[in-house]
DNA sequence: AATGCAAATGAGACTTATTATCATTATCGT
DNA sequence: ACGATAATGATAATAAGTCTCATTTGCATT
(Lines give C-alpha, C1' and ligand atoms only; values in the text may rest on other atoms or scores of the structure.)
Protein backbone atom coordinates (compact mmCIF):
# COMPACT_ATOMS: atom_id res chain seq x y z
CA UNK A 1 0.00 0.00 0.00
CA UNK A 2 1.32 3.54 0.53
CA UNK A 3 2.97 5.88 -1.95
CA UNK A 4 5.62 4.25 -4.13
CA UNK A 5 7.21 7.64 -4.74
CA UNK A 6 8.32 10.76 -2.92
CA UNK A 7 6.98 13.14 -5.61
CA UNK A 8 4.99 16.14 -4.39
CA UNK A 9 1.26 15.59 -3.86
CA UNK A 10 -1.41 17.02 -6.19
CA UNK A 11 -2.52 20.59 -5.56
CA UNK A 12 -5.64 21.34 -3.54
CA UNK A 13 -8.70 23.02 -5.05
CA UNK A 14 -8.04 26.69 -4.21
CA UNK A 15 -4.38 26.46 -5.08
CA UNK A 16 -5.33 24.70 -8.31
CA UNK A 17 -7.77 27.40 -9.36
CA UNK A 18 -5.22 30.11 -8.55
CA UNK A 19 -2.66 28.34 -10.69
CA UNK A 20 -5.05 27.95 -13.64
CA UNK A 21 -6.13 31.56 -13.30
CA UNK A 22 -2.54 32.74 -13.51
CA UNK A 23 -1.80 30.59 -16.52
CA UNK A 24 -4.92 31.77 -18.35
CA UNK A 25 -4.57 35.50 -17.59
CA UNK A 26 -0.94 35.53 -18.63
CA UNK A 27 -2.21 34.57 -22.08
CA UNK A 28 -5.17 36.99 -22.02
CA UNK A 29 -7.77 34.34 -21.37
CA UNK A 30 -10.55 34.55 -18.77
CA UNK A 31 -11.20 31.96 -16.11
CA UNK A 32 -14.95 31.61 -16.63
CA UNK A 33 -17.32 29.50 -14.57
CA UNK A 34 -17.47 26.96 -17.40
CA UNK A 35 -13.71 26.56 -17.38
CA UNK A 36 -13.75 26.29 -13.61
CA UNK A 37 -16.29 23.49 -13.75
CA UNK A 38 -14.23 21.75 -16.44
CA UNK A 39 -11.10 21.91 -14.30
CA UNK A 40 -13.11 20.67 -11.30
CA UNK A 41 -14.43 17.74 -13.30
CA UNK A 42 -10.92 16.74 -14.36
CA UNK A 43 -9.62 17.22 -10.83
CA UNK A 44 -12.33 15.36 -8.95
CA UNK A 45 -12.13 12.27 -11.15
CA UNK A 46 -8.92 10.45 -10.37
CA UNK A 47 -8.43 9.33 -13.96
CA UNK A 48 -8.26 10.79 -17.48
CA UNK A 49 -11.68 11.56 -18.94
CA UNK A 50 -13.22 11.54 -22.41
CA UNK A 51 -15.63 14.20 -23.62
CA UNK A 52 -18.68 12.02 -22.86
CA UNK A 53 -17.26 11.43 -19.37
CA UNK A 54 -16.94 15.17 -18.81
CA UNK A 55 -20.45 16.13 -19.96
CA UNK A 56 -21.85 13.30 -17.84
CA UNK A 57 -20.11 14.65 -14.74
CA UNK A 58 -21.06 18.25 -15.61
CA UNK A 59 -24.17 18.11 -17.80
CA UNK A 60 -24.57 21.89 -17.87
CA UNK A 61 -21.41 22.21 -19.96
CA UNK A 62 -21.91 22.43 -23.74
CA UNK A 63 -19.84 19.92 -25.68
CA UNK A 64 -18.57 22.52 -28.14
CA UNK A 65 -17.41 24.78 -25.31
CA UNK A 66 -15.74 21.90 -23.51
CA UNK A 67 -13.78 21.00 -26.63
CA UNK A 68 -12.80 24.65 -27.15
CA UNK A 69 -11.78 25.05 -23.54
CA UNK A 70 -9.81 21.83 -23.44
CA UNK A 71 -7.84 23.21 -26.36
CA UNK A 72 -7.23 26.57 -24.65
CA UNK A 73 -6.27 24.87 -21.41
CA UNK A 74 -3.98 22.51 -23.26
CA UNK A 75 -2.17 25.42 -24.90
CA UNK A 76 -1.79 27.08 -21.50
CA UNK A 77 -0.26 23.91 -20.08
CA UNK A 78 -3.18 23.15 -17.77
CA UNK A 79 -4.59 20.13 -19.56
CA UNK A 80 -2.92 17.22 -21.29
CA UNK A 81 -4.51 15.25 -24.13
CA UNK A 82 -4.01 11.49 -24.27
CA UNK A 83 -4.63 10.06 -27.74
CA UNK A 84 -6.25 6.66 -27.51
CA UNK A 85 -6.03 5.51 -31.12
CA UNK A 86 -9.71 4.81 -31.59
CA UNK A 87 -12.73 6.45 -30.03
CA UNK A 88 -12.60 9.54 -27.86
CA UNK A 89 -9.39 11.17 -26.69
CA UNK A 90 -8.79 11.33 -22.93
CA UNK A 91 -7.93 14.50 -21.03
CA UNK A 92 -6.33 15.08 -17.66
CA UNK A 93 -4.74 17.93 -15.73
CA UNK A 94 -1.18 18.64 -16.83
CA UNK A 95 2.01 18.14 -14.91
CA UNK A 96 2.20 21.15 -12.60
CA UNK A 97 -1.28 20.23 -11.30
CA UNK A 98 -0.89 16.48 -11.29
CA UNK A 99 2.49 15.06 -10.34
CA UNK A 100 4.47 13.30 -13.05
CA UNK A 101 2.99 9.89 -13.80
CA UNK A 102 2.31 7.32 -16.50
CA UNK A 103 -0.68 5.29 -17.65
CA UNK A 104 -2.09 1.80 -17.55
CA UNK A 105 -4.25 1.61 -20.68
CA UNK A 106 -6.80 -1.21 -20.89
CA UNK A 107 -6.92 -2.55 -24.45
CA UNK A 108 -10.38 -4.00 -23.77
CA UNK A 109 -12.45 -1.19 -22.26
CA UNK A 110 -10.15 1.77 -22.94
CA UNK A 111 -10.04 2.96 -19.34
CA UNK A 112 -6.83 4.72 -18.32
CA UNK A 113 -5.35 4.60 -14.84
CA UNK A 114 -2.55 6.82 -13.53
CA UNK A 115 0.57 5.21 -12.03
CA UNK A 116 3.83 6.61 -10.75
CA UNK A 117 7.29 5.10 -11.13
CA UNK A 118 9.82 5.05 -8.31
CA UNK A 119 11.87 8.23 -8.43
CA UNK A 120 15.02 6.20 -8.90
CA UNK A 121 13.71 4.46 -12.01
CA UNK A 122 12.30 7.71 -13.35
CA UNK A 123 15.69 9.34 -12.96
CA UNK A 124 17.56 6.58 -14.78
CA UNK A 125 15.02 6.82 -17.57
CA UNK A 126 15.22 10.60 -17.80
CA UNK A 127 18.99 10.62 -18.02
CA UNK A 128 19.04 7.96 -20.68
CA UNK A 129 16.35 9.72 -22.73
CA UNK A 130 18.37 12.95 -22.58
CA UNK A 131 21.38 11.12 -23.91
CA UNK A 132 19.39 9.55 -26.73
CA UNK A 133 17.79 12.87 -27.63
CA UNK A 134 21.11 14.66 -27.82
CA UNK A 135 22.51 11.91 -30.04
CA UNK A 136 19.63 12.60 -32.47
CA UNK A 137 19.86 16.41 -32.14
CA UNK A 138 16.35 16.26 -30.74
CA UNK A 139 15.18 18.89 -28.20
CA UNK A 140 13.02 16.99 -25.70
CA UNK A 141 10.03 18.58 -23.99
CA UNK A 142 8.54 15.65 -22.08
CA UNK A 143 8.10 11.91 -22.29
CA UNK A 144 5.11 9.60 -22.06
CA UNK A 145 5.19 6.00 -20.95
CA UNK A 146 2.09 3.83 -21.25
CA UNK A 147 1.61 0.23 -20.26
CA UNK A 148 -1.01 -1.49 -22.42
CA UNK A 149 -2.82 -4.60 -21.24
CA UNK A 150 -5.95 -5.93 -19.55
CA UNK A 151 -7.28 -4.07 -16.51
CA UNK A 152 -8.35 -5.99 -13.40
CA UNK A 153 -11.99 -5.52 -14.33
CA UNK A 154 -11.80 -6.76 -17.93
CA UNK A 155 -9.36 -9.56 -17.16
CA UNK A 156 -11.99 -11.31 -15.06
CA UNK A 157 -14.69 -11.05 -17.70
CA UNK A 158 -12.80 -12.37 -20.72
CA UNK B 1 28.34 5.81 -33.71
CA UNK B 2 27.53 2.06 -33.63
CA UNK B 3 24.49 0.31 -32.15
CA UNK B 4 23.63 1.39 -28.61
CA UNK B 5 22.02 -2.00 -28.00
CA UNK B 6 22.64 -5.70 -28.53
CA UNK B 7 19.05 -6.42 -29.67
CA UNK B 8 18.63 -8.61 -32.76
CA UNK B 9 18.62 -6.80 -36.14
CA UNK B 10 15.47 -6.33 -38.24
CA UNK B 11 14.43 -9.22 -40.48
CA UNK B 12 15.34 -9.27 -44.15
CA UNK B 13 12.72 -9.16 -46.88
CA UNK B 14 12.17 -12.87 -47.60
CA UNK B 15 12.23 -13.80 -43.94
CA UNK B 16 9.80 -10.95 -43.26
CA UNK B 17 7.32 -12.11 -45.88
CA UNK B 18 7.54 -15.67 -44.62
CA UNK B 19 6.79 -14.49 -41.12
CA UNK B 20 3.82 -12.37 -42.21
CA UNK B 21 2.51 -15.25 -44.32
CA UNK B 22 2.59 -17.58 -41.33
CA UNK B 23 0.87 -15.08 -39.07
CA UNK B 24 -1.87 -14.42 -41.62
CA UNK B 25 -2.57 -18.04 -42.59
CA UNK B 26 -2.75 -19.14 -38.99
CA UNK B 27 -5.76 -16.83 -38.72
CA UNK B 28 -7.23 -17.87 -42.11
CA UNK B 29 -6.15 -14.73 -43.92
CA UNK B 30 -4.47 -14.60 -47.33
CA UNK B 31 -1.21 -12.85 -48.08
CA UNK B 32 -2.32 -11.01 -51.20
CA UNK B 33 -0.15 -8.82 -53.40
CA UNK B 34 -1.77 -5.72 -51.91
CA UNK B 35 -0.80 -6.82 -48.41
CA UNK B 36 2.69 -7.65 -49.60
CA UNK B 37 3.10 -4.17 -51.04
CA UNK B 38 1.79 -2.66 -47.83
CA UNK B 39 4.30 -4.59 -45.74
CA UNK B 40 7.06 -3.61 -48.19
CA UNK B 41 6.12 0.06 -47.90
CA UNK B 42 6.28 -0.10 -44.11
CA UNK B 43 9.55 -2.02 -44.23
CA UNK B 44 11.41 0.10 -46.77
CA UNK B 45 10.64 3.36 -45.00
CA UNK B 46 12.72 3.51 -41.84
CA UNK B 47 10.01 5.34 -39.91
CA UNK B 48 6.32 5.02 -39.02
CA UNK B 49 4.00 6.07 -41.86
CA UNK B 50 0.58 7.68 -42.11
CA UNK B 51 -2.05 6.61 -44.61
CA UNK B 52 -1.14 9.47 -47.01
CA UNK B 53 2.52 8.43 -46.71
CA UNK B 54 1.63 4.86 -47.65
CA UNK B 55 -0.49 5.69 -50.69
CA UNK B 56 2.20 8.08 -51.87
CA UNK B 57 4.83 5.33 -51.70
CA UNK B 58 2.47 2.78 -53.25
CA UNK B 59 -0.11 4.72 -55.33
CA UNK B 60 -1.70 1.57 -56.72
CA UNK B 61 -3.06 0.68 -53.27
CA UNK B 62 -6.64 1.77 -52.55
CA UNK B 63 -6.98 3.76 -49.34
CA UNK B 64 -9.94 1.70 -48.13
CA UNK B 65 -8.02 -1.53 -48.67
CA UNK B 66 -4.95 -0.16 -46.92
CA UNK B 67 -7.02 0.79 -43.88
CA UNK B 68 -8.68 -2.62 -43.88
CA UNK B 69 -5.38 -4.41 -44.24
CA UNK B 70 -3.64 -2.35 -41.57
CA UNK B 71 -6.40 -3.48 -39.23
CA UNK B 72 -6.04 -7.14 -40.20
CA UNK B 73 -2.25 -6.96 -39.91
CA UNK B 74 -2.53 -5.21 -36.56
CA UNK B 75 -4.75 -7.99 -35.23
CA UNK B 76 -2.26 -10.58 -36.46
CA UNK B 77 0.56 -8.79 -34.65
CA UNK B 78 2.34 -7.70 -37.83
CA UNK B 79 1.60 -3.98 -37.65
CA UNK B 80 1.52 -1.54 -34.75
CA UNK B 81 -0.60 1.62 -34.71
CA UNK B 82 0.81 4.79 -33.16
CA UNK B 83 -1.94 7.25 -32.23
CA UNK B 84 -0.73 10.79 -32.70
CA UNK B 85 -3.51 12.78 -31.06
CA UNK B 86 -4.37 14.94 -34.03
CA UNK B 87 -4.15 14.21 -37.71
CA UNK B 88 -3.42 10.81 -39.16
CA UNK B 89 -2.34 7.79 -37.13
CA UNK B 90 1.10 6.35 -37.86
CA UNK B 91 1.76 2.67 -38.59
CA UNK B 92 4.90 0.56 -38.41
CA UNK B 93 5.86 -3.09 -38.43
CA UNK B 94 5.34 -4.76 -35.06
CA UNK B 95 7.88 -6.10 -32.64
CA UNK B 96 8.88 -9.47 -34.07
CA UNK B 97 9.68 -7.73 -37.38
CA UNK B 98 11.22 -4.57 -35.98
CA UNK B 99 13.27 -4.89 -32.81
CA UNK B 100 11.89 -3.31 -29.65
CA UNK B 101 12.25 0.47 -29.77
CA UNK B 102 10.66 3.77 -28.81
CA UNK B 103 9.86 7.04 -30.56
CA UNK B 104 11.04 10.60 -30.88
CA UNK B 105 7.85 12.50 -31.81
CA UNK B 106 8.27 15.99 -33.25
CA UNK B 107 5.55 18.27 -31.88
CA UNK B 108 6.07 20.66 -34.80
CA UNK B 109 5.95 18.52 -37.94
CA UNK B 110 4.63 15.25 -36.51
CA UNK B 111 7.43 13.10 -37.86
CA UNK B 112 8.28 10.04 -35.77
CA UNK B 113 11.76 8.55 -35.50
CA UNK B 114 12.64 5.18 -33.98
CA UNK B 115 15.18 4.96 -31.16
CA UNK B 116 16.42 2.11 -28.99
CA UNK B 117 17.27 2.23 -25.30
CA UNK B 118 20.32 0.52 -23.85
CA UNK B 119 19.38 -3.02 -22.86
CA UNK B 120 20.28 -2.29 -19.26
CA UNK B 121 17.87 0.64 -19.01
CA UNK B 122 15.17 -1.29 -20.83
CA UNK B 123 15.51 -4.12 -18.35
CA UNK B 124 15.25 -1.87 -15.30
CA UNK B 125 12.18 -0.29 -16.83
CA UNK B 126 10.57 -3.62 -17.70
CA UNK B 127 11.04 -5.00 -14.23
CA UNK B 128 9.62 -1.91 -12.60
CA UNK B 129 6.63 -1.85 -14.94
CA UNK B 130 5.89 -5.49 -14.12
CA UNK B 131 5.92 -4.65 -10.44
CA UNK B 132 3.59 -1.69 -10.93
CA UNK B 133 1.23 -3.74 -13.09
CA UNK B 134 0.99 -6.53 -10.55
CA UNK B 135 0.25 -4.01 -7.78
CA UNK B 136 -2.73 -2.81 -9.89
CA UNK B 137 -3.83 -6.35 -10.89
CA UNK B 138 -3.14 -5.26 -14.44
CA UNK B 139 -2.04 -7.84 -17.05
CA UNK B 140 0.54 -6.07 -19.20
CA UNK B 141 0.94 -6.81 -22.91
CA UNK B 142 3.52 -4.22 -23.97
CA UNK B 143 4.68 -0.71 -23.20
CA UNK B 144 5.24 2.37 -25.29
CA UNK B 145 7.65 5.16 -24.48
CA UNK B 146 7.65 8.34 -26.56
CA UNK B 147 9.84 11.37 -26.24
CA UNK B 148 8.07 14.52 -27.45
CA UNK B 149 10.01 17.58 -28.56
CA UNK B 150 11.47 19.43 -31.53
CA UNK B 151 13.24 17.40 -34.20
CA UNK B 152 16.59 18.57 -35.56
CA UNK B 153 14.91 19.81 -38.72
CA UNK B 154 12.15 21.88 -37.08
CA UNK B 155 14.39 23.20 -34.31
CA UNK B 156 16.47 25.10 -36.87
CA UNK B 157 13.45 26.67 -38.54
CA UNK B 158 11.65 28.03 -35.48
C1' DA C 1 -4.70 -26.86 -65.62
C1' DA C 2 -9.75 -26.06 -64.56
C1' DT C 3 -13.26 -25.56 -60.61
C1' DG C 4 -15.45 -23.70 -56.73
C1' DC C 5 -15.78 -21.01 -52.88
C1' DA C 6 -14.36 -18.10 -49.34
C1' DA C 7 -11.65 -14.10 -48.69
C1' DA C 8 -10.07 -9.63 -50.59
C1' DT C 9 -10.70 -5.62 -53.39
C1' DG C 10 -12.09 -0.82 -54.55
C1' DA C 11 -15.19 3.04 -55.17
C1' DG C 12 -17.97 5.51 -52.75
C1' DA C 13 -21.43 6.11 -48.96
C1' DC C 14 -21.47 6.52 -44.19
C1' DT C 15 -20.06 7.33 -39.21
C1' DT C 16 -17.76 9.48 -35.60
C1' DA C 17 -14.90 12.68 -33.19
C1' DT C 18 -13.60 17.08 -33.39
C1' DT C 19 -13.37 21.96 -35.15
C1' DA C 20 -15.33 26.29 -37.17
C1' DT C 21 -19.04 29.72 -37.47
C1' DC C 22 -21.56 33.44 -35.66
C1' DA C 23 -25.02 35.87 -33.22
C1' DT C 24 -25.65 36.43 -28.28
C1' DT C 25 -23.90 36.71 -23.51
C1' DA C 26 -20.55 37.13 -19.75
C1' DT C 27 -16.14 38.89 -17.88
C1' DC C 28 -12.91 42.22 -16.33
C1' DG C 29 -10.31 46.48 -16.13
C1' DT C 30 -11.46 51.18 -15.61
C1' DA D 1 -21.89 50.75 -14.02
C1' DC D 2 -19.58 50.89 -18.75
C1' DG D 3 -17.45 49.34 -22.68
C1' DA D 4 -14.32 46.54 -25.05
C1' DT D 5 -13.48 41.99 -25.90
C1' DA D 6 -13.38 37.21 -24.91
C1' DA D 7 -16.51 33.20 -24.21
C1' DT D 8 -20.68 30.70 -25.09
C1' DG D 9 -23.70 27.35 -27.37
C1' DA D 10 -26.41 25.60 -31.14
C1' DT D 11 -25.43 23.97 -35.34
C1' DA D 12 -22.79 23.46 -39.68
C1' DA D 13 -18.66 21.72 -41.50
C1' DT D 14 -14.55 18.88 -41.70
C1' DA D 15 -11.36 15.04 -41.30
C1' DA D 16 -10.10 10.42 -40.42
C1' DG D 17 -11.43 6.21 -40.60
C1' DT D 18 -15.06 2.42 -41.32
C1' DC D 19 -18.76 -0.01 -43.81
C1' DT D 20 -21.14 -1.81 -48.03
C1' DC D 21 -21.54 -4.61 -51.84
C1' DA D 22 -20.81 -6.04 -56.44
C1' DT D 23 -16.66 -7.86 -58.58
C1' DT D 24 -12.19 -10.10 -58.43
C1' DT D 25 -8.55 -12.95 -56.57
C1' DG D 26 -6.16 -16.69 -54.18
C1' DC D 27 -5.86 -21.20 -52.97
C1' DA D 28 -7.18 -26.02 -52.01
C1' DT D 29 -8.99 -29.61 -54.55
C1' DT D 30 -9.92 -32.08 -58.39
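The values are calculated or read from the model by the stated rules, or taken from the named source; none is laboratory data. Being a predicted model, the structure only gives us computed values, none of them experimental. No Cβ is skipped: glycine too gets one built from the backbone with ideal geometry, and neighbour counts run over all protein chains shown.
For residues that are closer than 22 Å to residue A:109 by Cβ and either within 14 Å of another protein chain (Cβ to nearest Cβ) or within 14 Å of DNA strand C (Cβ to nearest atom) (or both), tally how many sit in segment A:35-62.
Here is the first cut: in segment A:35-62, the residues closer than 22 Å to residue A:109 by Cβ are A:41-42, A:44-57.
Then keep just the ones that are either within 14 Å of another protein chain (Cβ to nearest Cβ) or within 14 Å of DNA strand C (Cβ to nearest atom) (or both); that gives A:46-56.
Matching residues across segment A:35-62 total 11.
For residue A:6, the criteria (1) modelled with pLDDT of 95 or more; (2) surrounded by fewer than 16 Cβ atoms within 10 Å (Cβ to Cβ) hold in every case but one, which is (1).
When restricted to residues that are under 27 Å from residue A:42 (Cα atoms), in contact with a helix residue (DSSP H, G or I) (Cβ under 9 Å, 6 or more places away or on another chain) and not in a loop (DSSP other than H, G, I, E, B), segment A:110-121 contains 1. Only a single item in (1) near DNA strand C (Cβ under 10 Å from one of its atoms); (2) under 16 Å from the mean Cα position of the chain (by Cα); (3) exposed (fewer than 13 other Cβ atoms within 10 Å of the Cβ) is not met by residue A:86, and it is number (2).
In the set B:104, B:145, B:61, B:70, which member is outside the structural domain of residue B:22 (by TED's automatic domain parsing), touching a residue at least 24 places away in the same chain (Cβ under 8 Å) and within 29 Å of residue B:24 (Cα to Cα)? Being outside the structural domain of residue B:22 (by TED's automatic domain parsing), touching a residue at least 24 places away in the same chain (Cβ under 8 Å) and within 29 Å of residue B:24 (Cα to Cα) holds for just one of B:104, B:145, B:61, B:70, which is B:145. Within segment A:67-89, the set of residues being out of contact with any helix residue (DSSP H, G or I) (no Cβ under 8 Å at 6 or more places or on another chain) and under 27 Å from residue B:130 (Cβ atoms) comprises A:82, A:83, A:84, A:85, A:86. When you go through (1) within 10 Å of DNA strand C (Cβ to nearest atom); (2) free of Cβ contacts under 8 Å to residues at least 40 places away in the same chain; (3) crowded, with 17+ Cβ neighbours inside 10 Å one by one for residue B:29, which number turns out not to apply? The one condition residue B:29 does not meet is (2).
Which one of these does residue B:137 not meet: (1) in a loop (DSSP other than H, G, I, E, B); (2) more than 12 Å from every other protein chain (Cβ to nearest Cβ); (3) closer than 30 Å to residue A:157 by Cβ? If we test residue B:137 against (1) in a loop (DSSP other than H, G, I, E, B); (2) more than 12 Å from every other protein chain (Cβ to nearest Cβ); (3) closer than 30 Å to residue A:157 by Cβ, just (2) comes out false.
Annotation: of all residues in segment B:25-72 being assigned to a loop (DSSP other than H, G, I, E, B) and touching a strand residue (DSSP E or B) at 6+ places or on another chain (Cβ under 8 Å), the one that is farthest from DNA strand D (Cβ to nearest atom) is B:46.
Screening the candidates A:129, A:125 for the property of being outside any strand (DSSP E or B), at the interface with another protein chain (Cβ under 8 Å from one of its Cβ atoms), under 18 Å from residue B:82 (Cβ atoms) and at pLDDT 95 or above yields one hit, A:129. Tallying residues that are in a helix (DSSP H, G or I) and more than 7 Å from every other protein chain (Cβ to nearest Cβ) within segment A:140-158 yields 4.
Counting only residues that are within 16 Å of the chain's Cα centre (by Cα), surrounded by fewer than 16 Cβ atoms within 10 Å (Cβ to Cβ) and farther than 14 Å from residue B:88 by Cα, segment B:37-70 holds 5 of them. Restricting A:145, A:104 to those that are under 17 Å from residue B:116 (Cα atoms) and buried (at least 18 other Cβ atoms within 10 Å of the Cβ) reduces the list to A:145.
Scan (1) within 11 Å of another protein chain (Cβ to nearest Cβ); (2) modelled with pLDDT under 95; (3) closer than 28 Å to residue B:74 by Cα for the single condition residue A:102 breaks and write down its number. Evaluating residue A:102 over (1) within 11 Å of another protein chain (Cβ to nearest Cβ); (2) modelled with pLDDT under 95; (3) closer than 28 Å to residue B:74 by Cα leaves (2) as the failure.
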